[in-house]
Structure formats: C-alpha cells, structure tokens
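To start, the structure itself, in structure tokens.
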C-alpha cells in the first residue's frame with residue numbers, strides 16, 4: 001500500500017509541475033500503474049462531478065462571452081477599490097451560503113471564476129479569496145441541514161434524542177467562526193500580486209488582455225451583459241431552491257439528485273444566454289473561463305479516478321488501521337475522522353464509516369457533534385474537484401500546488417478553519433453543559 005501511495009504522490013508532483021492538463025493525464029498514468037502494475041480494480045470515473053463542472057463552465061463561459069463577467073468585474077472593482085481586502089472576507093461567506101442552502105459544495109464552481117477575476121482586476125492575489133472560498137464551501141457541508149453528511153449524523157444520533165436543531169446550533173456558529181478565522185489568515189497568504197514571480201512571468205507573456213472590459217457608455221453591451229448575469233444568477237438561485245426543498249425535486253414520482261438538477265439548470269442557462277443575448281457559441285468556448293474549466297475537468301478525470309481506485313483497493317487495510325488507533329486512544333477520534341475524510345473524499349462516507357465506532361466507544365454524542373467539522377479534511381491532498389477547479393480558474397498562477405505537494409494554497413486556511421471550528425464547537429458544548 002505504501003508503494004502505491006508513493007506512486008500517487010509522484011504522479012501529483014509531476015503533473016503539478018507540467019501544469020495545464022498535466023495533472024489529469026499524470027493521474028491517468030498513475031491509474032494505469034495501479035491497475036496493470038498492482039492489479040487494483042479500477043473504480044468508476046467521477047462522471048457526475050465532471051458533468052457538473054462542464055455544465056457550470058458552459059454557463060459561465062457563455063456569460064463571459066456575453067460580457068457578463070466583465071460587467072461583474074467592473075461593478076465589483078468599483079466597490080472593492082474602497083476596501084481592497086474585502087473580497088477575501090466576502091467570497092467565503094458567499095460559497096458558505098450557497099453550500100449551506102444547496103447541501104453540496106459543488107455549487108461553488110459557479111462563483112469561482114468571478115472570485116478569481118474580481119481579485120485579479122482589483123490587484124488582489126487571487127489565491128487569498130479562492131483558497132478560503134473553497135474551504136468555506138466544504139465547512140458548510142457540516143452546517144447544512146440538507147447535506148448528506150448532516151442527515152447521516154442525525155440518523156446515527158437519533159437514539160440519544162438529538163434533533164437536527166441540536167446539531168445546527170453547534171455546527172453553524174462553529175463553522176462560521178472557523179471560516180472567518182481562516183479568511184483572516186488567508187489575507188496574509190503569499191506575496192502581493194504585483195510581486196509574485198509566476199504572475200509577472202505570465203503578465204510579460206501577454207496572457208492577460210483587459211482591453212475588452214466594458215466601458216460605461218456602451219449601453220447596448222451593458223444591457224446584453226446584464227441579461228447574461230441575470231440568467232446565470234437565476235439558475236444559481238433555482239439550484240439553491242431545488243437543494244433546499246426536496247418536493248421540488250420530485251419529478252414523475254421519483255426524487256432527482258442534485259447533480260442532475262445542477263447539470264440541467266446550468267446547461268439551460270447557457271442556452272438561454274446564447275439565445276437571448278445573441279452571443280456566438282464559439283466565442284464562449286474560446287474564453288478563459290471555459291479553457292480553465294476544461295483543464296479542471298481533465299485534472300479531475302485522472303487524479304480523482306486514480307485516488308478513488310487506490311482507496312477502494314486498500315479500504316479494508318486502511319479501515320482496520322484507523323479503527324485500531326481509535327480503540328486504543330479514543331481522544332484522537334477527531335484526528336481519525338480527519339484522516340479518514342482525506343482518504344474517502346466524502347464527509348457523508350466518513351460519517352457513515354467512523355461515527356458508529358465513536359458511538360460504540362462511548363464518546364458523548366455532543367462531543368461527536370463538536371468533532372463533526374473534522375470530516376472536512378479532503379483539502380489536505382490537493383486533488384479534490386473544487387480544489388483543482390480553483391487552481392485552474394486562477395489565471396495568475398498564485399493558487400497552486402507547492403513543490404512538496406502538501407504545501408499548497410489551501411493547507412493553512414483549511415487547517416485553521418477546521419481546528420477553529422472544532423475548538424468553537426467544544427466551547428459551545430461546554431457552555432451548554434453537555
């Protein structure tokens with residue numbers, strides 16, 4: 001297992017250095033080694049995640065082609081110039097709210113391009129708001145009343161007379177505190193944008209052309225851009241509504257899952273933008289948002305598939321190892337949850353795998369709720385879809401995987417947010433006398 005893990009790390013390191021689609025294709029090579037070299041059975045590729053990203057990118061690309069992204073950048077720039085660091089505080093609150101209401105962190109894809117471009121246009125290092133925005137979209141999973149992870153935890157604690165409100169009154173304030181503290185730390189990440197070597201290199205290479213930014217006197221273009229933004233926002237609002245009200249997803253006697261809802265609504269939004277604003281579809285496919293998004297899809301295709309195959313092939317050994325540690329030292333149960341979430345890339349799967357063990361060990365249900373945010377550990381290895389997408393959306397190159405893989409843009413904000421959330425949760429249950 002250790003040798004297999006070293007091959008995975010090597011693939012990620014080389015892919016990160018190649019850049020572009022390098023991360024994805026190196027993931028494919030790593031997968032080939034796991035399957036043909038070690039005899040692991042390949043899992044199914046992450047089709048739903050990939051298709052969700054494609055749908056969101058199609059809509060965002062059409063909005064950019066219609067001038068919508070430029071309009072949003074222009075409006076945001078005017079506001080943010082007065083308080084240039086505000087985007088690092090506002091962007092995580094936006095992604096947190098989206099995830100909280102929709103129950104899935106994948107809705108963050110729709111705002112990542114906007115965050116990246118607004119930050120760049122206002123001369124803020126995009127790594128700062130993007131990194132904490134991704135972390136916030138993960139933390140909100142453990143605060144959302146409709147997320148699979150929260151529902152799973154509620155079902156397991158039902159025998160202790162724990163209600164959904166009991167979970168939320170601890171998880172919501174604790175994760176919000178964690179996100180805000182993570183945002184404060186993110187404000188200090190890296191050099192200022194104009195001092196970053198990678199950004200300077202890309203700037204000299206002519207990768208940024210801002211001559212297309214809308215001028216205020218071009219009313220026809222502003223109207224066209226405004227319509228595209230309105231359509232895109234309405235699609236996002238509908239996604240949140242469908243995620244919040246399960247009855248809306250009941251079509252023909254069966255409940256549609258959220259990936260399908262997201263894919264349908266975002267593809268429809270893309271079509272409406274092209275039709276109503278009379279925008280050229282080829283132009284949408286040539287924009288920076290579409291190109292970055294497709295790179296993310298390829299990266300997720302290879303890296304996530306490789307990771308899933310490794311986990312599935314070694315699940316028994318991994319589970320037994322963690323179970324033994326937790327049984328001998330119950331106080332590190334939160335660490336075990338964190339480690340398992342890194343391996344499983346799913347809060348709900350982590351809850352289902354380890355929470356029953358916590359209950360058997362006699363850990364207080366209130367303690368388990370306070371430790372709930374530790375299942376958000378899959379930022380630790382930089383191959384989760386939202387992490388990879390954020391890296392590719394940042395055209396400046398400031399959001400990246402470090403030379404040693406683990407020193408990536410999301411590590412410090414993620415650790416601060418997770419640890420702060422748990423500490424706040426423990427403080428809350430202590431004040432409540434639980």
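A few points about this structure:
- Order of 127, 41 under a 10 Å beta carbon neighbour criterion, fewest first: 41, 127
- Distance-filtered residues of the range 86-122 - backbone nitrogen under 18 Å, label point 7 angstrom along residue 184 Cα→Cβ: 86-93
- Listed by Cβ neighbour count within 10 Å, with the fewest neighbours leading, 403, 204, 224 appear as 204, 403, 224.
- Relative packing of peptides 247-255, 161-169 - highest average C-beta neighbours within 10 Å first: 161-169, 247-255
- Considering helices alone, the calculated mean residue ellipticity of the chain at 222 nm is -22000 deg cm²/dmol, with DSSP H runs of length four and up weighted by -39500 (n - 2.57) and normalised per residue.
- With the highest mean first, a sort of the peptides 89-100, 1-12 on other beta-carbon atoms found within 10 angstrom per residue produces 89-100, 1-12.
- For the chain, the relative contact order comes to 29 percent (Cα pairs under 8 Å, sequence separation of at least 6).
- Helix axis angle, 288-313 relative to the chain longest principal axis, alpha carbon, degrees: 20 degrees
- At R0 = 30 Å, FRET efficiency that the Cβ-Cβ distance of residue 197 and residue 14 yields, to 0.05: 0.90
- Contour minus Cα-Cα distance for residue 403 and residue 282 (0.36 nm per residue): 39.9 nm
- The angle between the Cα long axis of helix 411-431 and the longest principal axis of the Cα atoms of the chain comes to about 50 degrees, rounded to the nearest 10.
- Taking 0.36 nm per residue of sequence separation and removing the Cα-Cα distance, the residue 251/residue 205 pair yields an extension gain of 11.5 nm.
- Length added when fully stretched, residue 359-residue 168, from 0.36 nm per residue minus Cα-Cα: 66.8 nm
- Between helix 47-65 and the chain: long-axis angle, C-alpha atoms, 0 to 90°, nearest 10: 30 degrees
- Taking the number of Cβ atoms within 10 Å of each Cβ as an exposure proxy, the fewest-first ranking of 341, 288, 228 is 288, 341, 228.
Any read-out appearing in this document is the output of simple, stated calculations on the displayed coordinates, not a laboratory observation. The structure presented is a predicted model; accordingly, all values stated were derived computationally and were not measured. Using ideal geometry, Cβ is built from the backbone for each residue, glycine included, and neighbour counts are taken over all protein chains shown.
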